[in-house]
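Okay, so here's the structure we're looking at.
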Amino acid sequence: MEFMSRGPMPRSDSDAWVARINDAWATNGYGLWAVHVVGGPAFVGFVGLADAQFEAHFTPAVEVGWRLARQSWGHGFATEGARAALQFGFREAKLPEILTFTAATNIRSRAVMERLGMRRDPAEDFEHPSVPEGHPVRPHVLYRLTDEARRAYLR
(Lines give C-alpha, C1' and ligand atoms only; values in the text may rest on other atoms or scores of the structure.)
Protein backbone atom coordinates (compact mmCIF):
# COMPACT_ATOMS: atom_id res chain seq x y z
CA MET A 1 0.00 0.00 0.00
CA GLU A 2 3.09 2.22 -0.08
CA PHE A 3 2.00 3.88 -3.32
CA MET A 4 -1.69 4.16 -2.50
CA SER A 5 -3.18 7.32 -1.03
CA ARG A 6 -4.92 5.42 1.74
CA GLY A 7 -4.08 2.45 3.92
CA PRO A 8 -5.50 -1.05 3.80
CA MET A 9 -9.24 -1.33 3.17
CA PRO A 10 -11.71 -2.27 5.86
CA ARG A 11 -13.33 -5.66 5.21
CA SER A 12 -16.59 -4.09 3.98
CA ASP A 13 -14.73 -2.00 1.37
CA SER A 14 -12.72 -5.04 0.32
CA ASP A 15 -15.88 -7.12 -0.12
CA ALA A 16 -17.47 -4.35 -2.20
CA TRP A 17 -14.33 -4.16 -4.33
CA VAL A 18 -14.45 -7.93 -5.01
CA ALA A 19 -18.10 -7.54 -6.03
CA ARG A 20 -17.06 -4.81 -8.51
CA ILE A 21 -14.37 -7.13 -9.92
CA ASN A 22 -16.96 -9.86 -10.46
CA ASP A 23 -19.34 -7.35 -12.07
CA ALA A 24 -16.55 -6.20 -14.43
CA TRP A 25 -15.99 -9.76 -15.62
CA ALA A 26 -19.72 -10.22 -16.21
CA THR A 27 -20.11 -6.86 -17.97
CA ASN A 28 -16.84 -6.43 -19.87
CA GLY A 29 -15.44 -9.92 -20.29
CA TYR A 30 -12.20 -8.89 -18.56
CA GLY A 31 -11.10 -7.98 -15.08
CA LEU A 32 -8.64 -8.78 -12.33
CA TRP A 33 -7.25 -12.21 -11.49
CA ALA A 34 -6.22 -13.40 -8.05
CA VAL A 35 -2.53 -14.35 -7.90
CA HIS A 36 -1.60 -17.48 -6.04
CA VAL A 37 1.85 -19.05 -5.98
CA VAL A 38 1.95 -22.82 -6.42
CA GLY A 39 3.23 -24.25 -3.16
CA GLY A 40 2.96 -20.82 -1.56
CA PRO A 41 0.31 -18.63 0.00
CA ALA A 42 -3.26 -19.02 -1.27
CA PHE A 43 -3.41 -15.33 -2.25
CA VAL A 44 -0.56 -12.87 -2.83
CA GLY A 45 -2.42 -10.14 -4.74
CA PHE A 46 -3.98 -9.48 -8.11
CA VAL A 47 -3.11 -8.71 -11.71
CA GLY A 48 -5.31 -8.00 -14.70
CA LEU A 49 -7.34 -5.46 -16.60
CA ALA A 50 -9.63 -2.76 -15.27
CA ASP A 51 -11.40 0.31 -16.55
CA ALA A 52 -9.92 3.55 -15.23
CA GLN A 53 -12.40 4.86 -12.65
CA PHE A 54 -11.67 8.59 -12.96
CA GLU A 55 -11.58 11.31 -15.59
CA ALA A 56 -8.27 12.30 -17.17
CA HIS A 57 -6.98 13.33 -20.59
CA PHE A 58 -6.61 9.64 -21.57
CA THR A 59 -9.92 8.23 -20.28
CA PRO A 60 -12.00 6.25 -20.93
CA ALA A 61 -9.23 3.64 -20.84
CA VAL A 62 -8.44 0.07 -19.87
CA GLU A 63 -5.47 -0.34 -17.56
CA VAL A 64 -3.26 -3.36 -16.96
CA GLY A 65 -2.42 -3.36 -13.28
CA TRP A 66 -1.15 -5.36 -10.36
CA ARG A 67 -0.91 -5.20 -6.61
CA LEU A 68 1.12 -7.83 -4.81
CA ALA A 69 2.07 -8.49 -1.21
CA ARG A 70 5.59 -7.26 -0.42
CA GLN A 71 6.94 -10.79 0.11
CA SER A 72 5.99 -11.53 -3.52
CA TRP A 73 7.92 -8.62 -5.03
CA GLY A 74 10.96 -9.35 -7.16
CA HIS A 75 9.88 -12.82 -8.31
CA GLY A 76 8.49 -11.84 -11.72
CA PHE A 77 4.84 -12.39 -10.78
CA ALA A 78 3.73 -8.89 -11.83
CA THR A 79 5.51 -9.10 -15.17
CA GLU A 80 4.30 -12.64 -15.93
CA GLY A 81 0.72 -11.87 -14.93
CA ALA A 82 0.62 -8.56 -16.77
CA ARG A 83 1.92 -10.19 -19.96
CA ALA A 84 -0.87 -12.76 -19.72
CA ALA A 85 -3.42 -9.99 -19.11
CA LEU A 86 -2.17 -8.02 -22.12
CA GLN A 87 -2.37 -11.08 -24.35
CA PHE A 88 -5.86 -11.83 -23.06
CA GLY A 89 -6.95 -8.21 -23.52
CA PHE A 90 -5.81 -7.99 -27.12
CA ARG A 91 -6.53 -11.55 -28.28
CA GLU A 92 -9.68 -12.50 -26.38
CA ALA A 93 -11.31 -9.21 -25.31
CA LYS A 94 -10.27 -7.51 -28.59
CA LEU A 95 -9.35 -4.27 -26.82
CA PRO A 96 -7.87 -1.59 -29.11
CA GLU A 97 -5.52 -0.19 -26.43
CA ILE A 98 -4.35 -1.06 -22.94
CA LEU A 99 -2.28 1.36 -20.92
CA THR A 100 -1.06 1.70 -17.35
CA PHE A 101 -0.16 4.34 -14.82
CA THR A 102 1.38 4.62 -11.38
CA ALA A 103 2.69 7.09 -8.86
CA ALA A 104 5.78 8.79 -10.26
CA THR A 105 7.79 7.50 -7.29
CA ASN A 106 6.83 3.84 -7.85
CA ILE A 107 10.10 2.76 -9.45
CA ARG A 108 9.40 -1.00 -9.16
CA SER A 109 6.10 -0.79 -11.09
CA ARG A 110 7.68 1.50 -13.63
CA ALA A 111 10.36 -1.15 -14.24
CA VAL A 112 7.60 -3.75 -14.83
CA MET A 113 5.96 -1.37 -17.31
CA GLU A 114 9.24 -1.04 -19.21
CA ARG A 115 9.70 -4.83 -19.28
CA LEU A 116 6.21 -5.12 -20.78
CA GLY A 117 7.24 -2.91 -23.71
CA MET A 118 5.48 0.20 -22.42
CA ARG A 119 6.95 3.67 -22.69
CA ARG A 120 6.27 6.96 -20.95
CA ASP A 121 5.75 10.33 -22.63
CA PRO A 122 6.34 12.96 -19.90
CA ALA A 123 3.77 15.19 -21.63
CA GLU A 124 1.09 12.68 -20.53
CA ASP A 125 1.99 12.67 -16.82
CA PHE A 126 -0.91 13.79 -14.63
CA GLU A 127 -2.11 14.54 -11.14
CA HIS A 128 -4.33 11.62 -10.09
CA PRO A 129 -7.76 13.17 -9.38
CA SER A 130 -8.62 10.53 -6.74
CA VAL A 131 -5.55 11.35 -4.64
CA PRO A 132 -5.71 14.38 -2.33
CA GLU A 133 -3.79 17.48 -3.40
CA GLY A 134 -0.36 17.63 -1.81
CA HIS A 135 -0.20 13.86 -1.22
CA PRO A 136 3.19 12.42 -2.28
CA VAL A 137 1.60 9.85 -4.64
CA ARG A 138 -0.66 12.33 -6.48
CA PRO A 139 1.86 12.89 -9.34
CA HIS A 140 1.37 9.97 -11.76
CA VAL A 141 3.09 8.76 -14.92
CA LEU A 142 1.25 7.20 -17.87
CA TYR A 143 2.72 4.38 -19.94
CA ARG A 144 1.53 3.10 -23.31
CA LEU A 145 2.64 0.09 -25.31
CA THR A 146 4.93 0.70 -28.23
CA ASP A 147 3.49 -0.42 -31.59
CA GLU A 148 6.06 -3.23 -31.70
CA ALA A 149 5.12 -4.50 -28.24
CA ARG A 150 1.40 -4.38 -29.03
CA ARG A 151 1.96 -6.47 -32.17
CA ALA A 152 3.91 -9.01 -30.10
CA TYR A 153 0.95 -9.45 -27.71
CA LEU A 154 -1.34 -10.06 -30.69
CA ARG A 155 0.76 -12.97 -31.99
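The values are calculated or read from the model by the stated rules, or taken from the named source; none is laboratory data. Since the model is a prediction, treat every value here as computed from it, not as a measurement. With ideal geometry, Cβ positions are generated from the backbone for all residues, glycine too; neighbour counts draw on all protein chains shown.
Some notes on this structure:
- Number of residues in the stretch 93-140 that are assigned to a strand (DSSP E or B) and either over 14 Å from the mean Cα position of the chain (by Cα) or farther than 18 Å from residue 79 by Cα (or both) equals 6.
- The residue of the stretch 66-80 that is surrounded by the most Cβ atoms within 10 Å (Cβ to Cβ), among those that are out of contact with any helix residue (DSSP H, G or I) (no Cβ under 7 Å at 6 or more places or on another chain) and closer than 12 Å to residue 33 by Cβ, is 77.
- Selection of the stretch 100-129 for residues being surrounded by 14 or more Cβ atoms within 10 Å (Cβ to Cβ) and of a type in the set (Gly, Ala, Ser) yields 103, 104, 109, 117.
- The stretch 141-155, subset in contact with a Gly (Cβ under 9 Å, 6 or more places away or on another chain) and part of a helix (DSSP H, G or I), residue surrounded by the fewest Cβ atoms within 10 Å (Cβ to Cβ): 148
- Residue 88 within 20 Å of residue 49 (Cα to Cα), among the aromatic types (Phe, Trp, Tyr), surrounded by 12 or more Cβ atoms within 10 Å (Cβ to Cβ) and touching a strand residue (DSSP E or B) at 6+ places or on another chain (Cβ under 7 Å): no
- Any hit, the stretch 29-51, residues being of a type outside the set (A, V, I, L, M, F, W, C), in a helix (DSSP H, G or I) and under 17 Å from the mean Cα position of the chain (by Cα): no
- Being exposed (fewer than 13 other Cβ atoms within 10 Å of the Cβ) and closer than 21 Å to residue 20 by Cα holds for only one residue in 97, 55, 63, and it is 55.
- Only one entry of 16, 24, 56 meets the criterion of being under 25 Å from residue 128 (Cα atoms), assigned to a loop (DSSP other than H, G, I, E, B) and small (Gly, Ala, Ser), and that entry is 56.
- Whenever a residue of the stretch 69-86 is at negative phi, its partners that are assigned to a loop (DSSP other than H, G, I, E, B) and of a type in the set (Phe, Trp, Tyr), lying with C-beta atoms within less than 9 angstrom and at least six residues away or across chains, give the pairs 69/43; 85/30.
- When the stretch 47-67 is filtered for residues that are at pLDDT 95 or above and under 18 Å from residue 115 (Cα atoms), the ones remaining, listed by number, are 47, 48, 49, 63, 64, 65, 66.
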